[in-house]
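Every read-out reported here was derived from the displayed coordinates using simple, explicitly stated rules and does not represent laboratory data. Every value quoted in this text rests on a predicted model; they were computed, and no experiment measured them. Methodologically, a virtual Cβ is constructed for each residue, glycine included, from the backbone with ideal geometry; neighbour enumeration extends over all protein chains shown.
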Ligand SMILES: Cc1cc2nc3c(=O)[nH]c(=O)nc-3n(C[C@H](O)[C@H](O)[C@H](O)COP(=O)(O)OP(=O)(O)OC[C@H]3O[C@@H](n4cnc5c(N)ncnc54)[C@H](O)[C@@H]3O)c2cc1C
C-alpha cells in the first residue's frame with residue numbers, strides 16, 4: 001500500500017518502525033488489560049531522542065521541525081503502538097520555549113530533552129467549565145514568593161507518569177478583567193514535590209488505556225518563579241501551542257487509519273467465504289477504499305499545516321481541519337476494519353478492537369469536532385460568533 005510520498009523523513013520513519021517492532025500487539029494488549037503505563041516503550045523513544053525532536057539543539061534536542069515530529073507519531077500509530085502515552089512530552093515544552101525566561105529554559109529544557117524530566121501533564125480541562133476554558137475555576141493567588149493554588153482539573157493525562165505539569169489557573173477573577181481571556185496564568189508545577197502537599201492525583205478508568213486522571217489542588221504552594229511569562233497572559237500562551245498539538249494528533253490519526261487499512265486489506269484478501277476472498281466483494285472493498293481516500297486527504301492537510309507552521313506562519317485553519325479530517329478518517333478506517341473482520345474484529349488478539357477504542361478519543365480530545373467546526377465557521381468563513 002502506497003500511502004505517502006517519499007520524503008526526507010523516510011529514514012526517521014524507518015528507524016521508528018524498527019523500534020516499534022520491539023513492542024508488538026501482545027505488549028499493548030497486556031497493558032490494556034491492567035491499564036498499565038508503557039514505561040519500556042516510552043524509555044526506548046526517549047533514549048532514541050524521538051521525544052525531543054522539537055527541542056532546539058542548544059538545549060539538547062535535535063531541533064527538527066514539526067513535520068519530523070508528525071512523521072514519528074504517525075509511524076508509531078501506523079505500527080500499532082500508542083503514542084498517547086508520551087506525545088505531550090514532545091509539545092508541552094513549547095510553552096517554556098516560547099514564553100519561559102532564560103533561567104526556566106536552561107533549567108528545564110535540557111532535562112526534558114534527556115528524559116531526566118518528564119513534562120507531559122497538561123492541566124487545562126476542568127469538570128465544570130469543560131470546553132469553555134476561560135470559565136475555569138482553579139485559582140492561583142499570590143502570597144509572598146509563592147502562589148497558592150486551589151481547584152480541580154479533570155482528564156489530566158499521564159499525571160502519574162510525569163514529573164512536571166503545565167497548569168492553567170485564574171490569577172485575576174473573571175469579573176475584574178476586561179476580556180475573559182485575560183487574568184489566566186500558566187505555571188510549571190513540580191508534581192514530585194507537590195503530591196501529598198496540596199496536590200492529589202486520582203486515576204480515571206476509561207474505555208481505553210490512557211492513564212488519565214483527576215487532580216485536586218488544596219492550598220498547593222507553587223513558587224512564584226514557576227510562573228511562565230507574564231501573569232494574566234496564560235490563555236494566549238496555551239493557544240499558541242494548540243496548532244502544533246492539533247497537527248501532531250492529526251498525524252497520529254493518519255497513522256491509525258493506515259494501520260486499520262493495512263489490516264483490512266490483508267484480512268479481506270485472505271479470508272475466504274462462499275468460495276472467494278471477501279475482499280472480492282465491492283460491499284467489502286468500498287468502505288475500506290473510502291476511508292483510505294479520507295486518510296489521504298487528511299494526510300495532505302497535515303502536511304500543509306506543518307509546512308505553514310515551519311514557515312513561521314499560523315496555520316489555525318489547517319491545524320483544526322487536519323485534526324477533524326484525520327480523526328474522522330481514522331474512525332472510518334476503524335469502522336471498516338471491524339466490519340471487514342466480522343466476528344474476529346471483536347477478538348482482543350487481533351488488536352482491532354483496541355485500536356478502535358483508542359482512536360475514537362480524537363473526535364473529542366484535545367478538542368471536539370463541534371468546536372473545530374465552530375472555529376472554521378467563525379474564523380475562516382466569517383459567520384457570526386455563536387458563543
Ligand atoms: C482520555 C482523555 C484525555 C484527555 N487529556 C487531557 C489532558 O491531558 N489535559 C486536558 O486539559 N484535557 C484533557 N482532556 C479533556 C478534553 O480536551 C475534553 O474532554 C474536550 O475538550 C471536551 O471537553 P468536555 O469533555 O468538557 O466536553 P464539554 O465541553 O462538556 O462538551 C460536551 C459536548 O458538547 C459539545 N459542545 C459544547 N459546547 C458546544 C457549543 N458551543 N457548540 C456545539 N457543541 C458544543 C462538545 O463538542 C462536546 O461534544 C482529555 C479528555 C479525555 C477523554
Quiz item: In what sequence do 186, 46 fall when counting other Cβ within 10 Å, fewest first?
Solution: 46, 186
Quiz item: Dividing the convex hull volume of the alpha carbon atoms of the chain by its residue count, what do you get in Å³ per residue?
Solution: 141
Exercise. Report the extension gain between residue 11 and residue 62 in nm, rounded to one decimal, defined as 0.36 nm multiplied by the number of residues separating them, less their alpha carbon distance.
Key: 16.9 nm
Quiz item: Over the chain, what is the mean sequence separation of C-alpha contacts under 8 Å (at least six apart), divided by residue count, expressed as relative contact order in percent?
Solution: 15
Quiz prompt | Inter-site label distance for residue 242 and residue 131 at 7 Å from Cα along Cβ, in nm | solution = 1.1
Practice problem: Taking the Cβ of each residue in 202, 236, 118 as the centre, tally the other Cβ atoms inside 10 Å and list the residues starting with the fewest. | Solution: 202, 236, 118
Quiz item: Fewest first, what order do 87, 379 take by the number of other Cβ atoms within 10 Å?
Solution: 379, 87
Quiz prompt | Whole-Å distance, taken between Cα centres, linking segment 78-99 and segment 124-165 | solution = 19
Exercise. Would you please give the FRET efficiency between residue 141 and residue 347, computed as 1/(1 + (r/R0)^6) with r the Cβ-Cβ distance and R0 = 51 Å, to the nearest 0.05?
Key: 0.45
Practice problem: Please determine, in degrees from 0 to 90 and to the nearest 10, the orientation of helix 25-34 with respect to the longest principal axis defined by the Cα atoms of the chain, where the helix direction is its Cα long axis. | Solution: 50
Quiz prompt | 0 to 90° range, to nearest 10: angle between helix 234-270 axis and the chain longest Cα axis | solution = 20
Quiz item: What spacing in nm lies between the two simple spin-label points modelled at residue 282 and residue 297, each 7 Å away from Cα in the Cβ direction?
Solution: 2.1
Practice problem: Any chance you could give the angle, 0 to 90 degrees and rounded to 10, that helix 66-78 forms with the longest Cα principal axis of the chain? | Solution: 50
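Suppose we keep just the DSSP beta bridges with both residues in the chain; what percent of those would be antiparallel, to 5?
DSSP beta bridges in the chain are roughly 80 percent antiparallel.
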Practice problem: At 7 Å along the Cα-to-beta-carbon direction for both residue 197 and residue 33, put a label point, then send me their distance in nm to one decimal. | Solution: 4.0
Self-check item: Reciprocal of mean inverse Cα separation for segment 119-233 (Kirkwood radius, Å)
Solution: 14.1
Quiz prompt | Extension reserve of the residue 314-residue 101 stretch, reckoned as 0.36 nm per residue once the Cα distance is removed | solution = 74.4 nm
